[in-house]
């Protein structure tokens with residue numbers, strides 16, 4: 001949950017700092033809501049994972065905002081992991097109906113939400129960390145009020161060509177959210193055992209991989225993850241994937257959905273297969289099969 005706390009801390013800081021920044025009068029007159037007046041905020045992380053904004057250090061930010069900046073810091077290991085994937089900058093652009101995510105200026109699959117699914121996120125977060133549920137609920141309501149443009153900059157390794165952030169003058173790229181009936185040609189119920197291994201009846205994930213060519217081991221969990229899900233009362237996860245996107249249910253609660261197209265799927269594959277972290281061929285085959293087959297997966301945890 002450390003990463004969730006970091007993200008929430010960053011979002012609060014964004015709201016505090018951008019609300020104190022000068023806003024052009026023309027934008028002030030044209031904007032429909034307070035949040036749409038806020039300028040882009042860039043947060044820079046150093047090699048040790050310490051954040052800074054507009055040149056202000058962690059200690060200075062703590063004095064200016066009265067916030068505990070320790071929760072915003074990443075670890076050096078996180079920074080190394082981010083660099084290993086070639087990530088130099090991440091831009092998050094939220095609006096009342098979702099968030100666009102750009103990594104190194106390339107658009108990834110888009111997160112879409114409405115009032116019901118945002119409310120369900122708050123309920124689900126309460127399962128994982130009850131202490132954060134009210135705070136997250138507050139932030140999610142803020143998201144629905146207007147646009148927030150947040151950029152996270154990470155250190156660029158020596159010898160690597162820097163990648164610029166999207167020009168603010170350009171239009172924010174978006175993908176049309178999935179609409180209408182979902183195409184489902186394949187419904188599969190999969191069960192986890194206590195060790196986190198995946199089964200379809202008596203057929204193991206390894207056998208499924210050999211039979212289909214799709215690496216089902218990608219979905220397997222650790223025994224610790226299984227126990228964590230059981231401890232918080234999660235007994236099922238529904239995943240429906242078709243050519244337009246991905247739809248997730250947690251304990252029958254509908255979560256925000258993800259929409260994509262060919263370009264954003266290719267960008268996702270490129271990002272996830274850097275340095276052989278995930279086999280590119282298996283991932284491409286999995287995404288292609290799920291996208292065009294229309295698969296409804298019901299993942300059940302042990303009782």
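Which FRET efficiency value, to the nearest 0.05, do you get for residue 300 and residue 83 by plugging their Cβ-Cβ distance into 1/(1 + (r/R0)^6) with R0 = 45 Å?
0.75
Which order do peptides 209-220, 41-52 fall in by mean Cβ count within 10 Å, highest first?
41-52, 209-220
When the chain is fully extended, how far beyond the present Cα-Cα distance does residue 217 get from residue 75, taking 0.36 nm per residue of separation?
48.3 nm
Enumerate the residues in the stretch 243-263 having an amide nitrogen under 14 Å from the point lying 7 Å beyond the Cα of residue 116 toward its Cβ.
From the stretch 243-263, the list is 248-250, 252-257.
Can you sort 300, 40, 166 so the residue with the fewest Cβ neighbours within 10 Å comes first?
So the ranking, lowest neighbour count to highest, is 300, 40, 166.
Residue separation times 0.36 nm, minus the C-alpha to C-alpha distance between residue 97 and residue 251: what's the value?
Additional length available on full extension: 53.1 nm.
Calculate the spin-label point distance for residue 176 paired with residue 263, positioning each point 7 Å from the Cα along the beta-carbon direction, and give it in nanometres.
The two pseudo-label positions are separated by 1.5 nm.
FRET efficiency for residue 161 and residue 59, Cβ-Cβ distance as r, R0 = 30 Å, nearest 0.05?
So the FRET efficiency works out to roughly 0.40.
FYI, it's all coordinate maths here, none of it is from the lab. These figures come from a predicted structure and were not determined experimentally. FYI the Cβ positions are ideal-geometry reconstructions off the backbone, even for glycines, and counts take in every protein chain you see.
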